[in-house]
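One structure is given below, encoded as C-alpha cells.
The values are calculated or read from the model by the stated rules, or taken from the named source; none is laboratory data. This is a predicted model, so every value here is computed, not measured. Counting neighbours? That spans all protein chains shown, and the Cβs are built from the backbone with ideal geometry, glycine included. Ligands, DNA and RNA are excluded from the accessible area calculation, which covers all protein heavy atoms including side chains. Shrake-Rupley method; radii C 1.70, N 1.55, O 1.52, S 1.80 Å.
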Amino acid sequence: MYLMVTLSVLIPVHDPNQVYEDYISDALSSISIQKQKPDQVLLVANHEISYLESLRSRFRETLEIEFKISQANSAAENINFGVIESKSQFVKLLFQDDKLIGDDCLT
C-alpha cells in the first residue's frame, strides 16, 4: 500500500531592489526538472516581485507558481508565513539563491 503525500516547495523572497531574478529562476529551473514534481511552488515576500509574470511565463509548462505577500519583518516571519500558507503535508524550504542538485531531490 502506498501512502499519498503532498509536497510544497517554499521559496521566501527578499528582493526589494528587484535584482535577484536570475537566482530565483535558477531555483525554479532546478524544481522544474525534478522527476517528482511538487504539488505547489510558493513564493512569499513582504513586497511585490516585479518579474513574477516573467517567471510564471518561463515555467508555465512545468510549474504553477503561486505568490503570497506577507506582513513579515524578518526572514523567520516570512518563512513561517509561507509554511502556514502552504497547501501540502510537507514543505521543502528552498532559499532564493539555492537550487536542487540532480533530478530526484523531491522523490
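The figures follow:
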{"read-out": "From phi via Karplus (6.51, -1.76, 1.60), per-residue ³J(HN,Hα) for segment 65-78 in Hz, x at Gly/Pro", "value": "9, 9, 9, 10, 9, 9, 9, 5, 10, 8, 4, 4, 5, 5"}
{"read-out": "In Hz, Karplus ³J(HN,Hα) per residue of segment 45-50 (6.51, -1.76, 1.60; θ = phi - 60°; x = Gly, Pro)", "value": "7, 9, 8, 5, 10, 5"}
{"read-out": "Label-point separation, LYS87 to SER32 (7 Å along Cα→Cβ), nm", "value": "2.0"}
{"read-out": "Extension gain, GLU77 back to ASN17 (0.36 nm per residue minus Cα-Cα distance, nm)", "value": "19.6 nm"}
{"read-out": "Average accessible area per residue (Å²) across the chain - probe 1.4 Å, nucleic acids and ligands excluded", "value": "62"}
{"read-out": "Trypsin sites (Lys or Arg not before Pro) lying in DSSP loop within segment 1-98, provided at most 13 other Cβ fall within 10 Å", "value": "LYS35, ARG60, LYS87"}
